[in-house]
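The values are calculated or read from the model by the stated rules, or taken from the named source; none is laboratory data. These numbers were taken from a predicted model, which means no experiment stands behind them. Cβ sites come from the backbone with ideal geometry, for glycine too, and all protein chains shown count toward neighbours. Please note that ligands, DNA and RNA were not included when accessible areas were found on the heavy atoms of the full protein model with its side chains. Shrake-Rupley method; radii C 1.70, N 1.55, O 1.52, S 1.80 Å.
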Amino acid sequence: DIVPDGAVHAVFVRSIEAHGTILSIDTDEALAADGVVAVYTAADLGLEAKPPAMPALNQQMLRSALAADTVRYVGEPVALVLAETARQAVDAAELVIVDLDPLPAVADPAAGLAEGATLVHPDAGTNVVFALPKAEDDIMADCEVTVELTFRNPRMSGAPIEPRAAVAEWDGDRLTQSHLTQWSSTQFPHTARDALANGCGVSTDQVRVITPEVGGGFGAKSGSYPEDIVVALAARQAGRPVSWVETRTECMLNLAHGRAQDFTATLGGDRDGNITAYRLHIVQDAGAYPLTGAILPMIGRMMATGVYDIPTIDISAFSVATNTTPVGAYRGAGRPEAAHAIERMMDLYANEIGMDPAELRRRNFIPEASFPFTTPSGLTYDTGRYADALDKVLEAIDVDALRADQARRRAEGGPLLGIGWSAYVEIANPMGTGEFGSVEVRPDGSAVVLTGSSAHGQGHHTTFAQIAADTLGIDFDKIEVRHGDTSEVLRGGGTGGSRSLQAGGSAVLQASEAVVDTAKALAASMLEANPADVVLDAGTGRFSVVGTPAVSLGWAEVAAEADGRSEQLLSEIDFDPPGATFPFGVHASVVEVDADTGQVKVVRHVACDDAGIIVNPLIVDGQVHGGIAAGIAQALMEEFHYSDDATPLTATFMDYGILSPTELPSYERIEQETSTEVNPLGAKGIGEAGTIGATPAVQNAVVDALAHLGVRHVDLPVTAERVWRAIADA
């Protein structure tokens, strides 16, 4: 139990209105309740409204960690109750009376853009958070064929099994407190540390963040949330440790949502299937306060053309404030949306010209000989073998047999069969940021690895230990990997954007190599040899002079020598990559559709995801499987709904669609490895790949199953009702 003795329990009082002016907050009855220690509002904690952290976002859209004058979405925290027990805190929170004057609410970004729309932030004078302008020229003027579609990538909840939690404790008494220790549920401990320091008005060396068992993150647990800062300030104000655990509904209403983009797309080219122009307009729902989600159309622009050599593009966007939960990162964060847009359009184009959708993709792939390849958006892809991945999937699924079965079912009856394709490329470690890693060999010959990356289920401990073991020649079970305590690991980038292995793993590799060099110098003095003549047999973990392996030293002997000299076999590395990597893949999904009910069943899913050199095949398989599950879930049922007045309608797992294993097939994964020179491991990211490839493949398969009926499109998610209505309309 990480909760310190004497801790009080925190419960937030949250808005039940989507939009309203706060007239008063009456805390008297709550303060008089049994066990209550304190009730805090924004004024009590001295909270100030601050602009978005990203300068590119509208700086007039301010937020206070507790709402002070206006509430802007259902669930926004307004006050905090501290009590001796969690039950007492829950009861007392019910007694806090928040008097609100309701205001009209904006539930949809299109409504937020309309003339005369209610302003979520009146001082900003607009609901536009961020914009990318349209090109002035008509890029479709010379196209023989164009297809156009308006469709959406719906809002989702990150929905981790484990909601957030925080425990804050300051040292000393109420008057002398100066150092905060906070146990935090975050993917980015150092970013959380910095946010807490800023929010509490102290320096970063006065804050220690510890991330124990975080549970699922998926991007939604990036950095720090307002609740984390409020818990820390409350602990300082009360002079006691504070513990807070989020409920499921709080998680659904306050953990950043994902996706939430509307597209208007046009794809142009000739009747031979040569694509020459792509225009995409994105309307991003940013939610009530601008977070990472508001900038995601920029990622959409970067990745717009996907795996295709399309010479001319026009990508424009508006990010719009609404009275809904703020939108942030969710598995892929901008890359799945971009892949979804172009992959849906590729199928639409193939249908228009009567070409097999797999063949259309092949015809427009960036050729392997063209890498490194610079796209119209200015990105330079490192490596790609797109046609090879397609060929492997084609060989696995036997399209001819599936098409014959599809024709038979259409003629004779039974569930309709559909085949859907997607080909994608993603940007992994999109900011090209580095990572910290250190390796120390202890006097007993074991080793400890520290990493600035932060594990929450991806297998970092195993993979990083493998890298160190292979380099050092020390047994895997003698290597300890530690992370997530900012007092021990002083700097780091955390986990997100499929960056951990290529950045954190490379740091561990280089630190291991540096320790070997240090050990060789020590071994040379012990063996009375030139350091240049000393070699390490990584298979045995023993040092010897070239040509005389009979006389050798093990790590324990060399480490003991270092300890005797008061030296350390320690190396600290800040790996600085030259840029991002670009994993890619091809997915094919086979679905059955019940024409009477609209029910969709994914019966087969084949994926070839290329993430560069594989360090641990089992972990890669696990990451792909989890990603595909998330992608199929979005395709089939996941969507967070609001009413027209911005009241959330899917705030529990009773009404928000979560897949179980019974709705999923056993995936067929095909390995392919294309190395990169961006890092010494030759590895790319894999955590988001399955999600990016799966969703459009399933959607395209459903439309393919219904194509003979004249169905041109079914929006995500392809629920039974949506499919049934598409059939009925056709």
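Summary of computed values
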{"read-out": "Test result for A92, of a type outside the set (K, R), open to solvent by less than 10 Å² (accessible area, probe 1.4 Å) and not in a loop (DSSP other than H, G, I, E, B)", "value": "yes"}
{"read-out": "Those residues of segment 1-38 which are in contact with a Ser or Thr (Cβ under 8 Å, 6 or more places away or on another chain), under 25 Å from D171 (Cβ atoms) and in a strand (DSSP E or B), in sequence order", "value": "V8, H9, A10"}
{"read-out": "Count of residues meeting criterion [touching a helix residue (DSSP H, G or I) at 6+ places or on another chain (Cβ under 6 Å) and closer than 13 Å to V98 by Cα] in segment 1-38", "value": "2"}
{"read-out": "Selection from segment 39-82 of residues that are open to solvent by less than 60 Å² (accessible area, probe 1.4 Å), outside any strand (DSSP E or B) and over 27 Å from G125 (Cα atoms)", "value": "T41, L45"}
{"read-out": "Of all residues in segment 335-377 being free of Cβ contacts under 8 Å to residues at least 60 places away in the same chain and in a loop (DSSP other than H, G, I, E, B), the one that is least open to solvent (accessible area, probe 1.4 Å)", "value": "I366"}
{"read-out": "Segment 244-287: number of residues that are farther than 24 Å from G216 by Cβ and of a type in the set (A, V, I, L, M, F, W, C)", "value": "8"}
{"read-out": "Index of the failed condition, P661 passing every other in (1) free of Cβ contacts under 8 Å to residues at least 60 places away in the same chain; (2) over 22 Å from M637 (Cα atoms)", "value": "(2)"}
{"read-out": "Qualifying residue in segment 121-136 (condition: open to solvent by less than 50 Å² (accessible area, probe 1.4 Å) and either more than 32 Å from the chain's Cα centre (by Cα) or closer than 14 Å to E17 by Cβ (or both))", "value": "no"}
{"read-out": "Any strands (runs of 3 or more DSSP E) falling wholly within segment 483-596 and containing at least 1 residues that are of a type in the set (S, T, N, Q) and closer than 30 Å to K392 by Cβ", "value": "584-593"}
{"read-out": "Some residue of segment 152-174 being polar (S, T, N, Q), within 30 Å of D205 (Cα to Cα) and modelled with pLDDT of 95 or more", "value": "no"}
{"read-out": "Test: residue in segment 511-523 that is out of contact with any Leu (no Cβ under 8 Å at 6 or more places or on another chain) and crowded, with 21+ Cβ neighbours inside 10 Å", "value": "yes"}
{"read-out": "Test: residue in segment 184-191 that is farther than 27 Å from E337 by Cα, in a strand (DSSP E or B) and open to solvent by 30 Å² or more (accessible area, probe 1.4 Å)", "value": "no"}
{"read-out": "Members of segment 412-426 that are in a strand (DSSP E or B) and at pLDDT below 95", "value": "none"}
{"read-out": "Strands (runs of 3 or more DSSP E) completely within segment 234-302 that count 1 or more residues being within 30 Å of E84 (Cα to Cα) and open to solvent by 10 Å² or more (accessible area, probe 1.4 Å)", "value": "242-245"}
{"read-out": "Where D645 falls short, out of the listed (1) more than 30 Å from L417 (Cα to Cα); (2) open to solvent by 20 Å² or more (accessible area, probe 1.4 Å); (3) assigned to a strand (DSSP E or B)", "value": "(3)"}
{"read-out": "Residue in segment 427-468 that is modelled with the highest pLDDT, counting only those that are under 30 Å from G306 (Cβ atoms) and assigned to a helix (DSSP H, G or I)", "value": "T463"}
